[in-house]
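> So that we are looking at the same thing, I have put the structure below in C-alpha cells.
The values are calculated or read from the model by the stated rules, or taken from the named source; none is laboratory data. What you see is a predicted model, and the numbers here were worked out from it, not measured in a lab. In this analysis, Cβ positions are derived from the backbone assuming ideal geometry, glycine residues included, and neighbour counts consider all displayed protein chains.
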Amino acid sequence: MSSQPIRILIAKPGLDGHDRGAKVIARGLRDAGMEVIYTGLRQTPAMIAESALQEDVALVGLSILSGSHMTLAPAVREAMDQLGLQDIPLVLGGIVPDGDQRQLLSASVAAVFGPGASLDEIVTAIRGLTAPSEDERP
Amino acid sequence: MSLRNTLHADRRALSRFLSRVENQRDSVAAQLAELYHAASDSIVIGVTGPPGSGKSALVTALTKLLRERDLKVAIVAVDPTSPFSGGAILGDRIRMRELAGDDGVFIRSMASRGQLGGLAWRTQDIARVLAAAGFERVIVETVGAGQSEVDIVNLAHTTLVVQAPGAGDDVQAIKAGILEAADILVVNKGDLPGAERLLSALKTMLEMGHPTKTADDEALWMPPVIAASALKSTGIEELARAIDAHVRHLQSHGLQNVHQRNQLRAEFMAKLRESVLRRVIDSTTDDELAGIIERATKQRIEPQQAVDRFLDSFEIHRKRH
C-alpha cells in the first residue's frame, strides 16, 4: 500500500487580498501529491487554528503579503497552541526581511519561504517537517 | 470515558479519530462497530449537483438555519483527488467562512482518493462517526457531480440535488442519472436569469416521472422543486421544511427500514469489493503483478483472460495452503 497523502492547511490571515501566491503554492503541493485544504482570504488566527484542528492537518502554511507577519504569524501560533495544536508546525510564505525571519524562526514558525523559494524547496521542507513520528499517533 | 463520550467532549480527539478512519480503518474497526449503534438518531442530508452550482454556499445557508434551531451540525465536504498526482485541493471551506467560531459546527474536508461515485471510500464511516459524536445533522457534500455520481443516495436519508440556471437545455433534465437521485430538487442561484425556466423544466420532468400518483400511493414521495438563493438567503426556510417533510415521510411509512436495508446492501457490496480486492492484492507481491502484466503484454493476452487466469491461480494457491 502506498503511504497516505500529507494533509496541509493553506491560509491567508489578515486583510491583504493577494491570494495568487497562496493559490500557486496550493496547486504546487497538490501536484506533489498532497491534500491541500485552502481556506480563502481574510481568516482570523482563531479561524485558522480551528480549521487546522477540524481538518487534522500535519502542517499549516500562511501566506502574508501585507507586511504584518510580525503580528499575524505569532497570533496564529498562539491560537493554535491554545487549542492544543503545539505539535503542528507553522510555516510562512511572503516577503519577510532577514531580521524578522530570524525572530519568527526562533519563536513561532518552523520555516519562512521568500519570493525566491522554489516549489521543490518548499515541498522538500514540508515533507521533512511532516515526517511521521510514531509517538504522535493517538 | 467511553469512546463516544470522548468524541463528544474532545474535538481534537474526534478529528484525529476521523483521520484514523480515513487512513487506517483496520486499526479502528472495533471502535467503528461500537459506534455503529450510537449513530442512529442523526439525520444525514446529502447535497450533490454539478461543479459551481453553489452546493457549499447552500450548505452554509442551511447550516446557519439549523443552528438557529439549536441542532448541532457536522459537514463532510468531498472534493476530487487528482488522478495524476494523487493530491487534491479541498476548497469547500472558502464558502463556509460564516460558520467559523461556532462550537456547534464541525467541518471536515475529504479528498475522493480515486473513488468515482462522488464520495470517498470512507465517507460513510466518517459520517457515522460524526453522528455518534453528537451531531444531530450530518450534511455530506459530494464532489461536483454530473450524471452518474449517485452514491450519495445510499448514504443520506434525504438527498438534495442542486442545479443552477444556465447549464444545458431541458433534455438534460430528463436524462438518466443524478436527477433521479433527488428527494428534493433545488434550483440555486434563483436570482439569476433562466432560473424560472429551469424551475418549470424540472417540474415538468418530475410530473412525467410520476404521472399516475393517486391517493393510495401515499408512500410515493414526489420530490419538491425549490427555488433558492444561497447568496441572498432566500428559499432556505422552505428547503429546511422540505427536508423535515421528507424525513417525516420516511418515518411515517416505515421507509426508514427500507432505506436502512438499501444502505446496508450498498455498503456491504462496496466493502466486500474493497476487502476482496485488498486480500487478493495483499497476497500478491508487486513483482508478481509486474510479471503478470509483462507476460500479458508480450503474449498479447486479452485483459479479461489475464484476470481470469490470475484469479484461477490465486484460488489454487490458496487451497494448497
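> Can you run down the residue pairs with Cβ atoms below 6 Å, 6 or more apart or on separate chains, where the first is in the range A:101-130 and under 16 Å from A:Ser63 (Cα atoms) and outside any helix (DSSP H, G or I) and the partner is of a type in the set (Lys, Arg) and at pLDDT 95 or above?
A:Ser108/A:Arg77
> Determine which single condition B:Gly114 fails, assuming it passes every other condition in (1) over 30 Å from B:Ser2 (Cα atoms); (2) at pLDDT 90 or above.
(2)
> Could you tell me whether A:Arg42 is facing chain B (nearest Cβ under 10 Å) and surrounded by 17 or more Cβ atoms within 10 Å (Cβ to Cβ)?
In short, no.
> So, of the residues in the range A:45-78 that are without any contact (Cβ under 8 Å) to a residue 60 or more places away in the chain and in a loop (DSSP other than H, G, I, E, B), which turns out to be nearest to the chain's Cα centre (by Cα)?
If we take residues in the range A:45-78 being without any contact (Cβ under 8 Å) to a residue 60 or more places away in the chain and in a loop (DSSP other than H, G, I, E, B), then A:Val57 is nearest to the chain's Cα centre (by Cα).
> For residues that are more than 9 Å from chain B (Cβ to nearest Cβ) and either under 19 Å from B:Ser15 (Cα atoms) or under 13 Å from the mean Cα position of the chain (by Cα) (or both), tally how many sit in the range A:24-39.
1
> Here's another thing I want to ask about it. How many residues does the range B:179-199 hold that are closer than 20 Å to B:Leu250 by Cβ and assigned to a strand (DSSP E or B)?
3
> Residues of the range B:285-318 being modelled with pLDDT of 85 or more and aromatic (Phe, Trp, Tyr), which ones?
Result: B:Phe310, single match.
> Considering the range A:45-57 alone, what residues qualify as being more than 8 Å from chain B (Cβ to nearest Cβ) and surrounded by fewer than 24 Cβ atoms within 10 Å (Cβ to Cβ)?
A:Pro45
> Now, a different point. What single numbered condition from (1) surrounded by fewer than 17 Cβ atoms within 10 Å (Cβ to Cβ); (2) outside any loop (DSSP other than H, G, I, E, B); (3) at pLDDT 95 or above fails to hold for A:Val24?
(3)
> Which of the residues spanning the range A:27-42 are of a type in the set (Lys, Arg) and either in contact with a helix residue (DSSP H, G or I) (Cβ under 6 Å, 6 or more places away or on another chain) or assigned to a helix (DSSP H, G or I) (or both)?
Selection gives A:Arg27, A:Arg30.
Quick grid of which residues meet (1) more than 9 Å from every other protein chain (Cβ to nearest Cβ); (2) buried (at least 24 other Cβ atoms within 10 Å of the Cβ); (3) closer than 19 Å to B:Leu71 by Cα:
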| residue | (1), (2), (3) |
| --- | --- |
| B:Asp103 | yes, no, yes |
| B:Arg108 | no, yes, yes |
| B:Arg122 | yes, no, no |
| B:Val129 | yes, yes, yes |
| B:Val140 | yes, yes, yes |
| B:Val153 | yes, no, no |
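> Mind checking whether some residue in the range A:120-131 is in contact with a strand residue (DSSP E or B) (Cβ under 7 Å, 6 or more places away or on another chain), of a type in the set (Ser, Thr, Tyr) and either within 11 Å of A:Ile10 (Cα to Cα) or surrounded by fewer than 15 Cβ atoms within 10 Å (Cβ to Cβ) (or both)?
No, the conditions are met nowhere in the range A:120-131.
> Which members of the range B:155-178 meet the condition of being modelled with pLDDT under 85 and either assigned to a strand (DSSP E or B) or surrounded by fewer than 21 Cβ atoms within 10 Å (Cβ to Cβ) (or both)?
B:Gly166, B:Ala167, B:Gly168, B:Asp169, B:Asp170, B:Val171, B:Gln172, B:Ala173, B:Ile174, B:Lys175, B:Ala176, B:Gly177
> Scan (1) more than 9 Å from every other protein chain (Cβ to nearest Cβ); (2) at pLDDT 95 or above; (3) surrounded by 19 or more Cβ atoms within 10 Å (Cβ to Cβ) for the single condition A:Leu85 breaks and write down its number.
It fails just one condition, (1).
> Let me ask you something else. Yes or no: the range B:48-68 includes at least one residue that is modelled with pLDDT under 90 and among the hydroxyl-bearing types (Ser, Thr, Tyr).
Yes.
> Let me ask something else. Can you tell me which residue is modelled with the highest pLDDT among those in the range B:200-259 that are in a loop (DSSP other than H, G, I, E, B) and in contact with a Lys or Arg (Cβ under 9 Å, 6 or more places away or on another chain)?
Here the residue is B:Ala228.
> Only residues that are more than 11 Å from chain B (Cβ to nearest Cβ) and either among the acidic types (Asp, Glu) or free of Cβ contacts under 8 Å to residues at least 40 places away in the same chain (or both): list them for the range A:2-23, please.
Once the filter is applied, which keeps residues that are more than 11 Å from chain B (Cβ to nearest Cβ) and either among the acidic types (Asp, Glu) or free of Cβ contacts under 8 Å to residues at least 40 places away in the same chain (or both), the range A:2-23 yields A:Asp16, A:Gly17, A:Arg20.
> What are the residues in the range A:76-102 that are within 20 Å of A:Gly17 (Cα to Cα) and of a type in the set (A, V, I, L, M, F, W, C), if any?
Once the filter is applied, which keeps residues that are within 20 Å of A:Gly17 (Cα to Cα) and of a type in the set (A, V, I, L, M, F, W, C), the range A:76-102 yields A:Val76, A:Val91, A:Leu92, A:Ile95, A:Val96.
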